[in-house]
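A short worksheet on the structure shown next.
FYI, it's all coordinate maths here, none of it is from the lab. Note that the coordinates shown come from a computational prediction; the quantities given were computed from them, not determined experimentally. Don't worry about glycine lacking a Cβ; one is built from the backbone with ideal geometry, like all the others, and counts go over all protein chains shown.
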Amino acid sequence: MTDVVNNVPGEVVDQGGVQAAPRQHEHSRTGLSADALQRAISDHLRYSVGRPAAALRPEHYYRALALAVRDRMQDNRVASTQVSLDLDKKVTCYLSAEFLMGPQLGNNLLNLEIEAAARTALAALGQDLDEVLACEPEPGLGNGGLGRLAACYLDSLATLERPAIGYGIRYEFGIFKQEFADGWQIEHTDNWLANGNPWEIAKPDVNYLVNWGGHTEHYIDDAGHSRIRWVPKQVIKGVAYDTPIQGYGVKTCNVLTLWSARAVESFALDAFNTGDYYKAVEEEVTSETVTKVLYPNDEPEAGKRLRLLQQYFFVSCSLQHIVHIMDDLADASLHELPERFAIQLNDTHPSIGVAELMRILVDERRMDWDEAWAITVQTFGYTNHTLLPEALEKWPLGLFGESLPRHLEIIYEINSRFLDEVRAHFPGDVDRVRRMSIIGEGGGQTVRMAHLATVGSHAINGVAALHSDLLKASVLKDFYELWPERFSNKTNGVTPRRFLALSNPGLRELIDRTIGDGWLTHLDRLRGLEVYADDPSFRQQWRDVKRANKARLAEYVRSAVGVDLDPTWMFDIQVKRIHEYKRQHLSALHIIRQYHRIKQNPGLDIAPRAYVFGGKAAPGYFMAKRIIKLINAIGDTINHDPEVNRFMKVAFIPNFNVQNAHLIYPAANLSEQISTAGKEASGTGNMKFMLNGAVTIGTLDGANVEIREEAGAENFFLFGLTEAEVEQVKRSGYRPSDYIDGNGELQAVLGLIASGQFSHGDTEVFKPLVDNLRYDDPFLVCADYASYVECQDRVSAAWQDRDAWSRMSVLNTARSGKFSSDRAIAEYCDEIWNVGPTPVTR
Ligand code: 26Q
C-alpha cells in the first residue's frame, strides 16, 4: 500500500514510470490535472477521512476522491451563483418529491471531463478507479420514471447553462432494496446514508419552520384590517442539504436542495422546563420521521397523512427559500416573482404549493388576493405524468382540513372564484362546474390535486405527444376547453451523458471515432451514423461493442442470480416497475409459449434468446408480486431443463436501480415496451434502450409512438391494439374468454400455469393471476396476446439476418437524438419558463 498520507501535498509522485511535470500553480482544491487531483485525494485522506495509511481501503479513497471532486464543483457553483445574481437571471425551480440521482462520482468526473486524470491520480496511489467507483451507494430517492426524469433534467439544465434549483426531500431511507427468497420479492431498508454522503453540504443555517394541524383565527391587524392567522398544532423545522449539479463541459454548476426534518428546539425546551424531558425527546423523534422514508407508488393507502405532510413540508421550505432569495435581491419586490423564478410542479405531489404561495403572499405579505393570484399563476407550471384514474392524487377533505386548515380555506376561495369563471364561460352548464371543481364529490369529499395544479398554473403539459393529446381529451378535457392556450406537450428525454457516455464507454468511443464527439451535447448529430449502417466493417465494430456489453451483463447476472447467459444469444430485456399495465405477464405468456413449443417438438430449431427482467413491485401490490414470483418460477423450470435451456434462459435481475441499469441498457438487443395502449404516459427506459442500439418491440403507447416515427416503422416491431381500439373493446364489454376460447395456444399456456407446471404442482399460487386474466384482464393481455406472439416470431426471423439486425440497431441509435433531455429542457426553457442561458466564464 502506498504511504499516501505521508506524501507532502504538492509533491510529485511517480505515475507508473512517467514523471508528471510539477504544476504548482494548480490549486489542490480546484486543479483539474492528475497531479492536482492526486494531491487533493492525499489531502482529503489525511484531513477529511482521517485514517492511518495502513488502514485505507477503497471506500476511503472513494470518499477522498468524491470530496476532491466536490471541491471542484463547489468552485464552479460559487461562480455560477455570482453570475446569475449579477445579471439578474431568471431561475428555474424544479419541485419534485423524487430525485432518482444514481451514483454521482462517475457522472461528475465525466461532466468535469476529468475521468482520465482521476484514473491516473488513483493509479499513482495504488488504486483502481473502477474499484473505487463501485464503493458508492446509490441515492435511490425515487420510485422510477418520474424521479429519474427529474435527475436527467437537472443534468440538462446545468449543461445548457440555465440557472436552476432542484427542490426535494432528503429521505433517510430511499426506495427499498429488493431481494428474492424462493422467487418472492423481499424488501430491505435502504440505509444509503450509513457511511455518510460526501456530495451534500449541510446548511443548518438555511432552515425554515413548517406548521401543521391546528386551526385558524380571525384578528384585526395594526391597520385595522380583518385578517386570518393559522395557529398550528405542531411546528417542524426543515434544514437544507445542498448537492452540486455540474453541467457537462461547462462551468455552470447548479444545486439540488433537499430538505430534512428536525425538531424545533423551543418545543423541546418548553417540555424540558415543565420537567417532561422524555416528551421533548419524543417530539424530536416524531418530527424527524417526516423525511424518514420514501413511499412507494401503487400504495394508495400507505401512510396517507405522513405523505401529505412530506409534500407540504418540502414545498413550504422551498417556497420560503425562494421568497427569502427575493427579499435578498435589493432591486426586486415580490411582484416580480414570475420574472425571477419559474416554479415547475413535477406531477401533483408538490401542487399544495399553489395554496402555500397564496398563503404566504396574502396572509404573511398582506398582498391583495387578485394580485397574489396573478403572481401565483404566472409562476407555476404543472407537468402531468399519468392518466390512470387511480393514480390521480385526491385527499379526503377531513384529513386535509385537520392537517392544513388554512390551505383548505384558501382552496375553497380559489375554487369559488374559479367556478365563477367557469359559469361565466359556460352559462347553465351545471354538470361541467361539478366536474371541474377542485373539491370532488362521490365516495366522500376530496381535494383533487390535479385540478388545483391545473387552475394554479399558466402552463400544463403532458410528457409525450400521445399522452398530451389524451390529457386534453380525457382527464383535463374541461380545462382544455376553458384555457386551450395553457396546454402543450413536452416529450420526455434522457441524458446521453449518463445513459450513453458513462454507461456504454465502448459505444462512446466507437461513435467518437466515427463522427467526432460533438454528439454528446448535440444528440441530433448521431444522424451522422446513418451512412455507416450499411458499412460491413462498421457493423462488425458495432456488434463487437454490443457483444462485450452483453458479456459484462452476463457476468453480473451470473454473480447475482447464478444464471449463465450466452452473449451470442439475443438479449431480450424488460426493466421497469412491475405493474399490470406494463404487462410483464404478457411477456411471461410468450416465454411459456416458446417453452411449450420446444417441449411439444424437441426437434424445433428456434433462435436462442435470453429473457432478462428487472423491476420492483410496490410492497403492498398483490398482483405485481405474483408476477415476479411467476417469472422467477418459469425461469427456474426453463433454466434447469436441458431440453429447453439450449434455446432459452430467463433471468430476473434483483434490485433494478440506476447502478445496474448502467450494465443493462447497453447489453440489450430487444427492448420490451409492451404496455396497454393509452396507459404509459411516456416511458423513458424505451429511450435509454434506443440510444444504446436496442430495437423496440412495442405498442403505440407513450413515447413509443415517437420512437417509431424517428426510427422508421421498418426498424420497430409494432403489435397490439391502439388506444382507440382499447377503448372500443372496453366500451363493447371486453370478455377475455372471447380471446382465450379462440386461441388453443393461449389456452394451453394458461393451463400450464394453472396446472402447477412451474410451481411443483401447486395449483393455488398462480390461481389469482390466471383467474384475473381469464375473467377480468383489465389491461387486455389476452386481447393483445396473438398479435404479440406473431410479432415476436417476426423478431426471431429478423434476428437470423445478422446484417439486417445490425442495420436496425445502428439506425435506432442514429435516430435517437430527439430523446435527449437537452431537447426537452430547451423546450421547457423556451416555451414555459422563459429561462435563457447564463454562461459562466472565469
Ligand atoms: C403518490 C401518492 C402516494 C404515494 C406515492 C405516489 C406516487 C409516487 C411516484 C405516484 C406516482 C409516482 C411516480 C410516477 C411515475 O414514475 N410516472 C412515470 O413518469 C415518467 C416520467 O414522465 C413516465 O415516463 C412514465 O410513463 C410514468 O409512468
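Structure values in brief
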item	result
Estimated Rh, segment 275-349: Kirkwood, alpha-carbon pairs, angstrom	15.4
Rounded to 5, the percent of DSSP beta bridges in the chain classed as antiparallel	45
Restraint check, LYS251/LYS490; LYS394/LYS616; LYS90/LYS490; LYS629/LYS649; LYS730/LYS818; LYS304/LYS576, Cα-Cα greater than 22 Å	LYS251/LYS490; LYS394/LYS616; LYS730/LYS818; LYS304/LYS576
Percentage relative contact order, segment 718-794, counting C-alpha pairs under 8 Å, at least six apart	43
Potential lengthening between LYS304 and ASP793 on full extension [0.36 nm per residue; Cα-Cα distance subtracted]	171.5 nm
15 Å beta-carbon shell around SER403, net charge (K/R +1, D/E -1)	+3
The chain: C-alpha gyration tensor shape, a/c 1.5 cut-off, then a/b vs b/c	oblate
For the chain: relative contact order, % (alpha-carbon pairs under 8 angstrom, 6 or more apart)	13
Cα-projected label distance for THR30 with HIS324, points at 7 Å along beta-carbon direction, nm	2.7
Pairwise centroid distance, computed over Cα atoms, of segment 789-839 with segment 498-542, Å	13
Distant-in-sequence amide H partners of GLU172 (H built 1.01 Å from N, under 5 Å)	LYS292, VAL293
Part-to-part distance (alpha-carbon centres) for segment 378-408 and segment 146-184, which is given in Å	22
Full-stretch length increase - GLU402, LYS89 - with 0.36 nm per residue and alpha-carbon distance subtracted	108.7 nm
Of the DSSP H helices in the chain, those whose Cα atoms cover at least 20 Å axially and whose Kyte score averages 0.5 or more	145-159, 622-639
Surrounding net charge for GLU98, when Lys and Arg each add one and Asp and Glu each subtract one, Cβ distance under 13 Å	+3
